[in-house]
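Visitor: Take this structure, written in structure tokens, and hold onto it; I'll ask about it next.
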Amino acid sequence: MNVKKILIDNKSLVGLLLMMAVISVLSPNFLSVDNLLNILRQTSINAIIAVGMTYVILTAGIDLSVGSVLALAGAVCASMISADTPLLLAVVATLLIGGALGAANGVVVSLLGVQPFIATLVGMTILRGATLVYTGGRPISTGDFDVAESFYQIGGGYVGPIPVPVVVILLVFALFWVILNHTRFGRYVYAIGGNENVTRIAGIHVTRVKVLVYALSGMMAALAGMILTARLESAQPTAGIGYELDAIAAVVLGGTSLMGGRGTLVGTLIGALIIGVLNNALNLMDVSSYFQQIAKGSVILLAVVVDSRVKSSA
Amino acid sequence: MKTNTYANGEMMRLEKVSKSFAANLVLDQVDFTMRAGSVIALAGENGAGKSTLMNVISGVHPRSAGEIYLRGKPVNFNNPRQAIEAGIAIIHQELNLLDELTVAENIFLGREPVGAMRIIDQARIERETQALLTRLKQGFSPGTRVGSLSIAQQQMVEVAKALSFDADVIIMDEPTDALSDVETATLFEIVSELKKEGRAIAFITHRLAEIFQICDRVAILRDGSLVHEGPTSEVTETELIRHMVGRELSHHYPYAPAVPGETRVSVNNLSGAGFNNVSFQARAGEVVGFSGLIGAGRTELAKAIYGANPIISGHLTVNGREISPRGPHDGVAAKIGYVAEDRKAEGLVQMHSLGSNITLGALQEMTGRAGLIDRQREKTVVDRFISLFGIKTQGADKPVDQLSGGNQQKVSIAKTLAAAPEILILDEPTRGVDVGAKREIYMLIQTLKEQGICVLLMSSDLPEILGISDRILVMSKGRLTGAFDHTTATQEAIMQAAVA
Ligand SMILES: Nc1ncnc2c1ncn2[C@@H]1O[C@H](COP(=O)(O)OP(=O)(O)OP(=O)(O)O)[C@@H](O)[C@H]1O
Ligand SMILES: [Mg+2]
């Protein structure tokens, strides 16, 4: 009885562990330390975006523009690095650009009252266009200055055996977790998703909170863009296409309600790992990339259906 | 034997019905009978199990044990639809209307009459809705969007919807708690008609006078058990209260004359949506009551002062400073607190816990230097309000939507008080609250007043307004039409001003 409740309460984690068990049987290489670290590294970009996305979805919003923000921020960052901009300055500036782009989404959503889906769909289109204009449709290399070498560490470096992106996501996660669970802002994020009108009438500056939420999402997309750019030592104009869907899938797999007001960041992290493990396993098993998409979609559908079954039977 | 009981005029009979939510036993072997052509009152404290009993009858919740007989035959409803088809209509305690649909669409939702090619027969639903509205003496049209109606009007739409089923068994869960005397009188006329037509009616209310007005029998629940059942003519109000709360309660309103201090709120020629050229002043340490019919503009005025509705013209001075609030956050900044009339849409985040609702507007005081919320301090505040109001719950972490209606109302008041306002606007604060808790709220208002809080009280409950207000302002059609003192105000004078 109690065991059942524990299983139900942690069903994302149970799902992840089950999946790992099955895969480790099918593919013996799966459980090697190298491969596991590899999964963590590959997951980190999606996880970073998904952390910001969790905030947005908790307010009953959605952010489709993250992939485009990632590309534009990455491109701007690459040109700064190639122009020998000091590392710290480039990093901070890139984060601020992402934050500003996200805030623009937030303003359209909360001040102009446009539906989040439409507002960020427009954001996604415009910013992708802006990226293509900015890059002229060609990759931007991070260049040959010394700073490019240190910049590379953000995406390709290691702290001991741990890849730097993994360290980054752990820090980001800790910070966002504390904010969401222990600050007023976090409470307001939940309250807005629970009932925006009630929250407004309680005297909370709903507009301000929402703009900030979208800004944070933009900032996380920019951070992800930086890591990707660093690792490839160049920014691709088509980077990040479709990333919003992986992030949304991670959030939903983690048990956060698309209606807002309910969900956890730990769940999102597990959701991102589920997707990461799945991608990795499909690669290990040499499944063709065409089939991978079908397999991935099916697993996500299965997870969500099981989730809603368990919920209604509990 | 079962057919015999039906022959006795027994329409519906519950035998030893029990219900528990998880480990929480909410109904304990309750016997309850509804007869054709008879109105039975169901009374009891907040959380006694009244709504749960009605939800079991109407197929919303499955029962845990016991038997239910309808017209002598045992029934098992798995969902509300089956109950409706068996001839049971229920007006739920909380409004269940879709704001974006029209009145007519709401009433016929899910059973729209269709014509050729399965196209909805719009003319017919409008015609039938209009007939219902006329019967209920409501002035708005079937095509009105429900979201634009007041709470009382929405309640009347719920009544119309229940009538439209033409059911033999009609359950009304606190239908009058949002109505003023005029609408209540209309509703009672309808109830007598339904009675004459031979329908069985169950009526839940916390206004005990209503029980003696229209009910033939009364049943009382306490902590999920039936503690009394009998003809209304054989009990007194005092006895009812004793059955409900297990002790005697004074009938008198706690009231001591105010010692008013400086002016806190000064309103000059204020106009906004729903009210016009309103001027008044309210001082620290006094309770100013606002009376009037539904639609008189009291809620609109309250919201405008708080900042939740725009002000079109005029001046609003709070604590000596003129303000023009652009939103509720400005009202809060001016130390105004507002308890919304509509607790579901404006008062509480239903899916979140009691605790996080109570502290939602008061987190500032509980945030430490690092910006982190002091959970211990938060818990202290939440626990204090739970015990102050006697909120009946399994814990502070339980979601609000699992509380009984009256207990939700208490949470809504606690939420506003937790922010420690200096000016407190209460819009129908005792809506759905039981007799004992009402007294607690009146005493609390008295205490706040003694502490120098300025209280603006909007209420449709005339005895309540007369009982605890130092001054009474009457509104009609958006204007102030009367002003009285505690000592000189009478029910008649107020009613006269209210229809002026
Ligand atoms: N869905 C639910 N889940 C868990 N507990 C519930 C649920 N609905 C009601 N309860 C509990 O059942 C008890 C009885 O609630 P009910 O709504 O029947 O009270 P009531 O007599 O109608 O009170 P009120 O006068 O306040 O409307 C309460 O303690 C409430 O918390
Ligand atoms: Mg109830």
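The values are calculated or read from the model by the stated rules, or taken from the named source; none is laboratory data. For clarity, every value in this text was computed on a predicted model and none was experimentally measured. Here the Cβ is made from the backbone with ideal geometry for all residues, glycine too, and neighbour counts use every protein chain on show. Accessible surface is based on the protein model in full, side chains and every heavy atom, while ligands, DNA and RNA are left aside. Shrake-Rupley method; radii C 1.70, N 1.55, O 1.52, S 1.80 Å.
Visitor: Among the numbered criteria (1) open to solvent by 20 Å² or more (accessible area, probe 1.4 Å); (2) under 23 Å from B:Met244 (Cα atoms), which single criterion is violated by B:Gly371?
Guide: Evaluating B:Gly371 over (1) open to solvent by 20 Å² or more (accessible area, probe 1.4 Å); (2) under 23 Å from B:Met244 (Cα atoms) leaves (2) as the failure.
Visitor: Please specify each residue of the stretch B:403-433 satisfying the condition of being part of a helix (DSSP H, G or I) and within 12 Å of ligand 2 (Cβ to nearest atom). Lay out the reasoning, then the answer.
Guide: Step one: filter the stretch B:403-433 for residues part of a helix (DSSP H, G or I), giving B:405-418.
Listed by number, the residues that qualify are B:Gly405, B:Gly406, B:Asn407, B:Gln408, B:Gln409.
Visitor: Which of the following residues is part of a helix (DSSP H, G or I), surrounded by 19 or more Cβ atoms within 10 Å (Cβ to Cβ) and in contact (Cβ under 8 Å) with a residue 60 or more places away in the chain: B:Ile305, B:Ile294? So that I can check it myself, show each step before the final result.
Guide: On the way: B:Ile294 fails: part of a helix (DSSP H, G or I).
None of the other options fit; the residue is B:Ile305.
Visitor: Of the residues in the stretch B:386-408, how many are within 14 Å of chain A (Cβ to nearest Cβ) and buried (at least 23 other Cβ atoms within 10 Å of the Cβ)?
Guide: 2
Visitor: Based on this model, can you work out whether B:Gly314 counts as more than 16 Å from ligand 2 (Cβ to nearest atom), on the phi > 0 side of the Ramachandran plot and not aromatic (Phe, Trp, Tyr)? Walk me through how you get there before you give the answer.
Guide: Values: more than 16 Å from ligand 2 (Cβ to nearest atom): yes; on the phi > 0 side of the Ramachandran plot: yes; not aromatic (Phe, Trp, Tyr): yes.
Yes, satisfied.
Visitor: Now a separate question. Quick one: which helices (runs of 4 or more DSSP H) sit completely within the stretch B:46-148 and have at least 1 residues that are acidic (Asp, Glu) and at pLDDT below 95? Even if it seems obvious, please write down each step before you answer.
Guide: Values: elements: B:50-57, B:80-85, B:103-107, B:122-135.
Of the helices (runs of 4 or more DSSP H) lying wholly inside the stretch B:46-148, those with at least 1 residues that are acidic (Asp, Glu) and at pLDDT below 95 span B:80-85, B:103-107, B:122-135.
Visitor: If you don't mind, there's one more thing I want to ask. Counting residues that are over 30 Å from B:Ala340 (Cα atoms) and open to solvent by less than 60 Å² (accessible area, probe 1.4 Å), which helices (runs of 4 or more DSSP H) fully inside the stretch A:114-227 reach at least 2? Give the derivation first.
Guide: On the way: elements: A:116-135, A:146-156, A:164-182, A:184-194, A:196-201.
Output list reads A:116-135, A:146-156, A:164-182.
Visitor: Continuing with this model, one more query. Inside the stretch B:344-385, can you point out the residues that are at the interface with chain A (Cβ under 10 Å from one of its Cβ atoms), of a type in the set (Ser, Thr, Tyr) and assigned to a helix (DSSP H, G or I)?
Guide: Listed by number, the residues that qualify are B:Ser356, B:Thr359.
Visitor: Residues B:Ala83, B:Ala48, B:Ala65: which one is away from ligand 2 (no atom under 16 Å from the Cβ), buried (at least 22 other Cβ atoms within 10 Å of the Cβ) and aliphatic (A, V, I, L, M)?
Guide: Values: B:Ala48 fails: away from ligand 2 (no atom under 16 Å from the Cβ); B:Ala65 fails: buried (at least 22 other Cβ atoms within 10 Å of the Cβ).
Checking each option against the conditions leaves just B:Ala83.
Visitor: Limited to the stretch A:243-280, what total is found for residues that are open to solvent by 10 Å² or more (accessible area, probe 1.4 Å) and on the phi > 0 side of the Ramachandran plot?
Guide: 2
Matching residues to (1) in the same structural domain as B:Ser291 (by TED's automatic domain parsing); (2) over 20 Å from the mean Cα position of the chain (by Cα); (3) modelled with pLDDT under 95; (4) within 26 Å of B:Arg298 (Cβ to Cβ):
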| residue | (1), (2), (3), (4) |
| --- | --- |
| B:Met156 | no, no, yes, yes |
| B:Ser164 | no, yes, yes, no |
| B:Ser180 | no, no, yes, yes |
| B:Lys196 | no, yes, yes, no |
| B:Phe203 | no, no, no, no |
| B:Arg217 | no, yes, no, no |
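Visitor: Would you check which residues across the stretch A:191-212 are touching a residue at least 40 places away in the same chain (Cβ under 8 Å) and more than 7 Å from every other protein chain (Cβ to nearest Cβ) and list them?
Guide: Scanning the stretch A:191-212 gives A:Ile192, A:Gly193, A:Glu196, A:Val206, A:Thr207, A:Val209, A:Lys210, A:Val211, A:Leu212.
Visitor: Please verify whether the stretch B:226-237 includes one or more residues that are of a type outside the set (Val, Ile, Thr), part of a loop (DSSP other than H, G, I, E, B) and open to solvent by less than 20 Å² (accessible area, probe 1.4 Å). Steps first, answer last, please.
Guide: If we filter the stretch B:226-237 for residues that are of a type outside the set (Val, Ile, Thr), which is where we start, we get B:226, B:228-231, B:233-234, B:237.
Within this subset, residues satisfying the condition of being part of a loop (DSSP other than H, G, I, E, B) are none.
No, the conditions are met nowhere in the stretch B:226-237.
Visitor: When residues of the stretch B:308-333 are filtered for being of a type in the set (S, T, N, Q), open to solvent by 40 Å² or more (accessible area, probe 1.4 Å) and away from chain A (no Cβ under 14 Å), how many remain?
Guide: If we filter the stretch B:308-333 for residues that are of a type in the set (S, T, N, Q), which is where we start, we get B:309, B:313, B:317, B:319, B:324.
Pick out the ones that are also open to solvent by 40 Å² or more (accessible area, probe 1.4 Å) and you get B:309, B:313, B:319, B:324.
Narrowing further to those that are away from chain A (no Cβ under 14 Å): B:313, B:319, B:324.
Counting residues in the stretch B:308-333 that are of a type in the set (S, T, N, Q), open to solvent by 40 Å² or more (accessible area, probe 1.4 Å) and away from chain A (no Cβ under 14 Å) gives 3.
Visitor: Which residues, taken from the stretch B:26-45, are in a loop (DSSP other than H, G, I, E, B), within 13 Å of ligand 1 (Cβ to nearest atom) and open to solvent by 30 Å² or more (accessible area, probe 1.4 Å)?
Guide: If we filter the stretch B:26-45 for residues that are in a loop (DSSP other than H, G, I, E, B), which is where we start, we get B:36-37, B:44-45.
Among the residues that remain, those that are also within 13 Å of ligand 1 (Cβ to nearest atom) are: B:44-45.
Result: B:Glu45, single match.
Visitor: Among A:Leu40, A:Leu31, which is open to solvent by 40 Å² or more (accessible area, probe 1.4 Å) and under 17 Å from the mean Cα position of the chain (by Cα)?
Guide: Numbers: A:Leu31 fails: under 17 Å from the mean Cα position of the chain (by Cα).
So the residue among A:Leu40, A:Leu31 that is open to solvent by 40 Å² or more (accessible area, probe 1.4 Å) and under 17 Å from the mean Cα position of the chain (by Cα) is A:Leu40.
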